[in-house]
Amino acid sequence: MTDRPDFYVHGYSDHELKRLRDQSQTLGDLLHHDTRYPPGRLVLEAGCGIGAQTALLLKYSPDIQLISLDLSMKSLKRAQTETGGLNSTASFLQANLFELPFADETFEDIFVCFVLEHLPNPQDALQRLKAVLKPGGTLTVIEGDHGSCFFTPNHEGARHVWNCLIEAQARLGGDSLIGRRLYPLLHEANFKKINVSPRFVYADSSRPAWVDGFTLKTICAMVEGVRERALEMGLTDEHRWEKGMEELRRTSESPHGVFCYTFFKGTAVK
Ligand SMILES: C[S@@+](CC[C@H](N)C(=O)[O-])C[C@H]1O[C@@H](n2cnc3c(N)ncnc32)[C@H](O)[C@@H]1O
């Protein structure tokens, strides 16, 4: 697989793999503090990437039997290193979540983070995952929603590069506004006990760890990562892009910069 496959807006460059780790270190408690699996549960993580969330799953639920899969072998190799020594029963597998190599009703819990937003058919993905979940088993899905973001200074250029990210992802078949759709998607997939909770991020210069970890290393790094695609797709030109990125980075500057964003976490039972 190339570093920049056509279906996946972020690709597998070293820049992006580092961003995934930075992102999880900043968002770990906000997104994962309430995910706890009892010892011995057989858990599937679909689309584990470099294992950034895998490490957090194992931190909060150290005694589970975890199988983490992804399409990308490069990411899986990083994932093995990332989680080395955390749990000897965790294993990594190269697989497509649409062609899962497991019998129906295998897993007690399934965990998916920042994956549905990249799929042209997230409902189909939920159905595939549901098939390998035992009756009474749980599904946890975490997604962002790029329409939930607002910031100051609210320059036109900053909005332009942000919109390039949304549009580039949409043209590749994804939906970066999927967070708001989690409840309807889970409902349509006939899950029970659905609960979706918004997880709000607020970063101003009195919270330097959030400005550095979220505004700069998660958001600005994510937008910067689609530069080449946005240029190739004709969504922008070099001058407009550089100016826009400079304006986006101003949302991290003291004392006037503020960045806000909402993630959505859904849990449900089969
Ligand atoms: C944004 S990354 C998220 C990785 C990880 N869950 C995290 O939050 O750090 C999305 C991942 O989903 C994987 N992916 C996309 N489509 C997939 C599919 N059909 N089957 C398995 N993995 C897939 C990609 O290879 C990529 O590693």
Can you name every residue in region 50-72 that is out of contact with any strand residue (DSSP E or B) (no Cβ under 6 Å at 6 or more places or on another chain), within 7 Å of the ligand (Cβ to nearest atom) and of a type outside the set (D, E, K, R)?
ILE50, ALA52, LEU71, SER72
Within region 184-194, work out how many residues are touching a residue at least 24 places away in the same chain (Cβ under 8 Å), in contact with a strand residue (DSSP E or B) (Cβ under 9 Å, 6 or more places away or on another chain) and farther than 12 Å from THR140 by Cα.
3
Please determine whether any residue of region 14-32 is at pLDDT 95 or above, in a loop (DSSP other than H, G, I, E, B) and either within 13 Å of the ligand (Cβ to nearest atom) or crowded, with 16+ Cβ neighbours inside 10 Å (or both).
no
Mind listing whichever residues of region 106-158 are within 14 Å of the ligand (Cβ to nearest atom) and among the aromatic types (Phe, Trp, Tyr)?
PHE111, PHE114
Of the candidates ALA209, ALA221, ALA203, ALA230, the one satisfying the condition of being hydrophobic (A, V, I, L, M, F, W, C), touching a Ser or Thr at 6+ places or on another chain (Cβ under 9 Å) and surrounded by fewer than 20 Cβ atoms within 10 Å (Cβ to Cβ) is ALA209
All strands (runs of 3 or more DSSP E) inside region 57-173 with 1 or more residues being under 25 Å from LYS192 (Cα atoms) and among the polar types (S, T, N, Q)
65-70, 133-144
For region 33-50, pairs from a residue that is more than 22 Å from ALA103 (Cα to Cα) and assigned to a loop (DSSP other than H, G, I, E, B) to a residue that is of a type in the set (A, V, I, L, M, F, W, C) and within 16 Å of the ligand (Cβ to nearest atom), with Cβ under 6 Å and 6 or more apart or across chains, are GLY49/LEU20; ILE50/LEU17; ILE50/LEU20; ILE50/ALA79
Suppose the filter is closer than 22 Å to SER197 by Cα and of a type in the set (Lys, Arg); does ARG4 pass it?
no
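The values are calculated or read from the model by the stated rules, or taken from the named source; none is laboratory data. Keep in mind the model is a prediction, meaning the values are calculated, not measured. As a convention, Cβ positions derive from the backbone with ideal geometry for all residues, glycine included, and neighbour counts pool all protein chains shown.
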